[in-house]
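Trainee: Here it is: the structure, laid out below.
Coordinate-derived values only; no laboratory data. A quick note: this is a predicted structure, and the numbers were derived from the prediction, not measured. Counting neighbours? That spans all protein chains shown, and the Cβs are built from the backbone with ideal geometry, glycine included.
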Amino acid sequence: MFVYFLKKLIVVLPTFFGVTLVAFVFIRTLPGDPVMLMAGERGMSEERHVELMAEMGFDKPILVQYGVYLKQLAGGNFGTSIITKQPVLKEFTALFPATVELSLCAMLIAVFFGLPAGMIAATRRGSAFDHSVMTAALTGYSMPIFWWGLLLIIFFSGILGWTPVSGRVSLLYFFEPVTGFMLIDSLLSGQAGAFSSAVSHLILPAIVLGTIPLAVIARQTRSAMLEVLSEDYVRTARAKGLGPMRVIGLHALRNAMIPVITVIGLQVGVLFAGAILTETIFSWPGIGKWMVDSIFRRDYPAVQGGLLLIAAIVMIVNLVVDLLYGLINPQIRHTD
Amino acid sequence: MRKPKNLIAAFCGATLLLASMQAMAAPKTLVFCSEGSPEGFNPVFYTAGTTFDASSRAIFDKLSAFKRGTTEIEPGLAEKWDISPDGLEYTFHLRKGVKFHTTPYFTPTRDFNADDVVFTFMRQFDKNHPYHKVGGGKYEYFNSNSMPDLIKNIVKVDDYTVKFVLSRPEAPMIAHLAMDFASIFSAEYADKMMKAGTPDKFDFEPIGTGPFQYVAYQKDAVIRYQAHPNYWRGKAAIDNLVFAITPDPSVRYQKLKAGECHVMPYPNPADLEAMAKDPAITLMKKEGLNVGYLAYNTSIAPFDNVKVRKALNMAINKQAILDAVYQGAGKIAKNPFPPTIWSYNDDVVDDPYDPAAAKKALTDAGVKDLKMKIWAMPVQRPYNPNARRMAEMIQSDFAQVGVTVEIVSYEWAEYLKRSKEKDRDGAVLLGWTADIPDPDNFLNVLLSCDAVGNANRAQWCYKPFDDLVKKAKVVSDISERTKLYKEAQVIFKEQAPWATIANSIVFQPVRKEVVDFRIDPFGGNVFYGVDLK
């Protein structure tokens, strides 16, 4: 298992290095620069523009800038935002728990509903339930997040008044963040009603963000189960007289889970992408919105640092998924 | 039987009394659904209105101020000022007994005085000032108002008198000092932070003399303030002010409807009708201090010919643009600044919409089969809510007079950069919102010879106009300035470096329980003086 882990890690390291290069070059290839944006319609003289670019170190050849950046990174320094003047790592760590909390809840919803829906659809192939699940999954997958979010807000918050419109907790509650996870912090605050307020604020954004992964998981589970259910060993298990629950739950599901776990791992990247829109609609203070703002402001250090940290997290999650394969199916780690 | 009834009545009475007492004692919290996160809390580094709302307009005061909801200047931290006859010395007499905020991170030991004024401006002005480089040392608002060239020295005369010595007379000087970059800071707090080795904290944990003091900021989520109990104008009517950061305008509207916030800026034009009908909401509106225009490049043929520019101006159907692009939230502009700015010349006659006359004028000017570019901004601005649509409409108008238009656009920073190039190909859609209610802020900044190759997108340098504007800048007599600016507007219209399109109208929905909210003509959100029912 350790060798298997090492092999995977060796693949991850050059990828990480590649990401530093991509993140660095990406933001600099975008037209415009932070100094020009800072000046706005008012503009500034060419001399002042050159002076400010030089002060920020953006006048040097790109390779030199990259070298300086790598040196900073080696020292654990992700740079300082040129807009807010705060260290990028500090901004990221302050906002990241909000995105994780939202993404985890979205993924829980997706798995909790997606897996059983896919399984039942597979075992009842061709039934009305199967068709309904697949139609709903296709609709969910095609739904633009922005429109879906607004629709839910208007219906559940505006018309029914069941959930709050946006934010993470009611403004009535005020406590300093301890972990950054609102569900935990609201409990730690000891303020009556804070936890339920945090939960009620989480429902709609988690549903919106979880919709696409839910659809994907349901479809993937269904197709994986259908494939496994037609295998010889399942027929053998049935012939041995095992009950349907045992055949599906123990024999079929275990093998069907491999592609499903792959999809769940890949959905982490999708969740981060979806978080950008979900966070904007629900005024959710996470890294998605922060990244978009940083790109629009051409805040080079923030974009570089943010992309790198997000990529690192996605890579770690995928590494964990790879390790999980090995645990679920030992054949994989031996043949890989 | 009577006893329990009495008891219940007494209990109910006591409960009601308690409830009403609690209601009376309950702090008043006003929630503002702001459109974005502030870049920081020190306004001297930034130029965005969102940042000013959260910093200078809530936390700080300036030497002079704009009377709430108007463009009228009134005394701020300076009780009065004297201007020397040559217009080169401004002596400010400071207000006594003004308290800085007392917060968990700073307790002032003295009142506001001249040291604070000197510190505030010298930090931005003097490159050797110990605080100049703190926070990056980029003071673009201060710089773009030509303050480094204008200010010669700032002298503390005594504890409550400060003298600004200028290198040239500057008529709008008092208005400049009411701007956000002129927010007054505590020199004592700055010293304390420097001695503690944490000068950066000075900009992140603000201390001012303003109506609200900073409590906490959760990035991209909430900013909390409380009323400054010792505010020199008197404590604010509301006890707490909360900014709930809500970037999406449709969501802001839903929050307003649900009572989750009391005031919201920048409503969606599509929501205005529903807002006007909503019994819980008052939809306020006011003419904005802005102008949207199309600037020709007057340094390139055939746009260097005034007859061509005038002909093209006659080809634009402004009313159709107003209906389609501004959806009623605007007025046709005929001068280079809006009617709400003093010295506006209403006698100027706009170029009529007359495609036939335009076509003839182009032929008379010897222009045939003209091909040109129109630049459409990639962003939405109060002065131009949809530049692409506007460009398409002008394209169609010009096609009627035989001019073929190609619409081009660039990413915003690139657009700003390329559009100021002297040899730029094409006419540019852009606009301007006033920083100060002074014609100089439009005519000098956007149309003077000095601004060619920069904010003067028409690259228009016309001496008779430039002389008038330069003269008006140094004359202190308001009637004389008015005369000069009125004359300048006539020349502008004759020479037509721009096709002036529209002055927009600003809408601001507030909940009915909000008392005495006033729309800020500069596009800001000011909560001192606002109450809740």
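Trainee: Sticking to Cα atoms, compute the Rg of the protein assembly as shown to one decimal and its Dmax as the biggest Cα-Cα distance, whole number, in Å.
Mentor: 31.3, 109
Trainee: If you don't mind, another one. List the extent of the Cα atoms of chain B along each of their three principal axes, largest first, rounded to whole Å.
Mentor: Computed over chain B, the largest-to-smallest principal extents equal 101, 67, 42 Å.
Trainee: Treating the angle as unsigned and between 0 and 90°, give the value, to the nearest 10°, between the Cα long axis of helix B:2-25 and the longest Cα principal axis of chain B.
Mentor: So the helix axis and the longest Cα principal axis differ by about 40 degrees.
Trainee: Okay, next question. Tell me, what is the percent relative contact order of chain A, built from C-alpha pairs under 8 Å that lie six or more residues apart?
Mentor: It rounds to 28 percent for chain A.
Trainee: While we're here: Using a Cα-Cα cut-off of under 20 Å, which aspartates and glutamates could be cross-linked to A:Lys7, ignoring same-chain neighbours fewer than 8 residues away?
Mentor: Result set, ordered by chain and number: A:Asp322, A:Asp336.
Trainee: Also: Tell me, what is the percent relative contact order of the stretch A:141-215, built from C-alpha pairs under 8 Å that lie six or more residues apart?
Mentor: Once divided by the residue count of the stretch A:141-215, the mean separation gives 41 percent.
Trainee: Kindly put A:Phe113, A:Phe195, B:Phe465 in sequence by how many other C-beta atoms sit within 10 Å of each C-beta, fewest to most.
Mentor: Sorted ascending by nearby Cβ count, the order is A:Phe113, A:Phe195, B:Phe465.
Trainee: When Lys and Arg each count +1 and Asp and Glu each count -1, what net charge do the other residues less than 12 Å away from B:Lys371, Cβ to Cβ, add up to?
Mentor: After counting each charged neighbour, the total is -1.
Trainee: Please work out how much length the chain gains when fully extended from B:Asp200 to B:Lys471, using 0.36 nm per residue of separation minus the C-alpha to C-alpha distance, in nm with one decimal.
Mentor: Answer, rounded to one decimal: 93.3 nm.
Trainee: Here is a further query. Using the charge dipole of the protein assembly as shown (Lys, Arg: +1 at Cβ; Asp, Glu: -1 at Cβ; taken about the Cα centre), state which of B:Gln254, B:Asn290, B:Ile238 has its Cα farthest towards the positive end.
Mentor: B:Gln254
Trainee: If you take the square roots of the eigenvalues of the alpha-carbon gyration tensor of the stretch B:336-401 and sort them as a ≥ b ≥ c, do you get rounded (a/c under 1.5), prolate (a/b over b/c) or oblate?
Mentor: oblate
Trainee: Turning to a different aspect of this structure: Only bridges whose two residues both fall in the protein assembly as shown count here: according to DSSP, what percent of them are antiparallel, nearest 5?
Mentor: 80
Trainee: Distance in nm between label sites at A:Lys71 and A:Glu47, each 7 Å beyond Cα in the beta-carbon direction?
Mentor: 3.1
Trainee: Would you mind getting me the FRET efficiency between A:Leu151 and B:Thr70? Use the beta-carbon distance for r and R0 = 30 Å, nearest 0.05.
Mentor: In this case the efficiency is close to 0.10.
Trainee: If one takes the longest principal axis of the Cα atoms in chain B, at what angle in degrees, from 0 to 90 and to the nearest 10, does the Cα axis of helix B:387-400 lie?
Mentor: On a 0 to 90 degree scale, this one is about 20.
Trainee: Please report, in whole Å³, the volume per residue of the convex hull around the C-alpha atoms of the stretch A:90-296.
Mentor: In the stretch A:90-296, the Cα convex hull volume per residue is 150 Å³.
Trainee: What is the set of long-range amide H partners of B:Thr282 at a cut-off below 5 Å, with H atoms built 1.01 Å from backbone N?
Mentor: HN-HN under 5 Å from B:Thr282: B:Val510, B:Arg511, B:Lys512.
Trainee: Need one word for the stretch A:212-303: rounded, prolate or oblate. Basis is the Cα gyration tensor (sqrt eigenvalues a ≥ b ≥ c); a/c below 1.5 gives rounded, then a/b vs b/c decides.
Mentor: It is prolate, given that a/c is not under 1.5 and a/b is the larger ratio.
Trainee: Whole-Hz Karplus ³J(HN,Hα) for the stretch B:157-172, in order, using 6.51 cos²θ - 1.76 cosθ + 1.60 and θ = phi - 60°, x for Gly and Pro?
Mentor: 7, 8, 4, 10, 9, 10, 10, 9, 9, 9, 8, 7, x, 9, 4, x
Trainee: While we're here: Suppose R0 equals 60 Å; then what is the FRET efficiency for B:Lys371 and B:Asn128 from their Cβ-Cβ distance, rounded to the nearest 0.05?
Mentor: It comes to 0.65.
Trainee: Whole Å is fine, so just give me how far the alpha carbon centre of the stretch B:53-113 lies from that of the stretch B:451-488.
Mentor: Answer, in whole Å: 30.
Trainee: Still on this model: Report, in whole Å, the centroid distance computed from the Cα atoms of the stretch B:224-301 and the stretch B:142-186.
Mentor: With the stretch B:224-301 and the stretch B:142-186 each reduced to a Cα centre, they are spaced 30 Å.
Trainee: Once you've got the Cα coordinates, tell me which of B:Lys127/B:Lys163; A:Lys85/B:Lys255; B:Lys67/B:Lys156; B:Lys133/B:Lys192; B:Lys80/B:Lys471 are over 24 Å apart.
Mentor: Cα-Cα > 24 Å for A:Lys85/B:Lys255; B:Lys67/B:Lys156; B:Lys80/B:Lys471; rest within.
Trainee: Which trypsin sites (Lys or Arg not before Pro) in the stretch B:384-489 pass both tests, a DSSP loop state and at most 15 other beta-carbon atoms within 10 Å?
Mentor: B:Lys422
Trainee: Counting only Cα atoms, I'd like the Rg/Rh figure for the stretch A:69-200, Kirkwood definition for Rh.
Mentor: With Rh from the inverse mean 1/r over Cα pairs, Rg/Rh is 1.10.
Trainee: Let me ask something else. How would A:Asp130, B:Asp203 line up from fewest to most surrounding beta-carbon atoms within 10 angstrom?
Mentor: Final ranking by Cβ density, sparse to dense: A:Asp130, B:Asp203.
Trainee: Rounded, prolate or oblate: which fits the stretch B:303-420, taking a ≥ b ≥ c as square roots of the Cα gyration tensor eigenvalues, rounded meaning a/c under 1.5, else prolate when a/b beats b/c?
Mentor: Verdict is oblate for the stretch B:303-420.
Trainee: On each of the three principal axes of the Cα atoms of the stretch B:206-273, give max minus min coordinate, whole Å, ordered largest first.
Mentor: Result, largest extent first: 42, 26, 18 Å.
Trainee: Please list, by residue number, every one of the chymotrypsin sites (Phe, Trp or Tyr not before Pro) in the stretch B:69-160 that is coil in DSSP and has at most 16 other beta-carbon atoms within 10 Å.
Mentor: Sites meeting the loop and neighbour criteria: B:Tyr105.
Trainee: Given the convex hull over the Cα atoms of the stretch B:120-160, what projected area results after averaging over all orientations, in nm²?
Mentor: It is 3.5 nm².
Trainee: To the nearest 0.05, how large is the calculated FRET efficiency for B:Leu150 and A:Thr29 if R₀ is 51 Å and r is the Cβ-Cβ distance?
Mentor: About 0.85, to the nearest 0.05.
Trainee: State the extension gain, in nm to one decimal, for the chain segment bounded by B:Thr363 and B:Trp342, taking 0.36 nm per residue of separation less the distance between their alpha-carbons.
Mentor: Contour length minus Cα-Cα distance gives 3.7 nm.
Trainee: Over the whole of B:212-222, what's the average partner chain Cβ count within 10 Å per residue? Rounded to a whole number, please.
Mentor: Partner-chain Cβ atoms within 10 Å, mean over residues of B:212-222: 5.
Trainee: Could you pull out the chymotrypsin sites (Phe, Trp or Tyr not before Pro) across the stretch B:322-371 that fall in loop regions by DSSP (anything but H, G, I, E, B) with no more than 15 other Cβ atoms inside 10 Å?
Mentor: Sites meeting the loop and neighbour criteria: B:Trp342.
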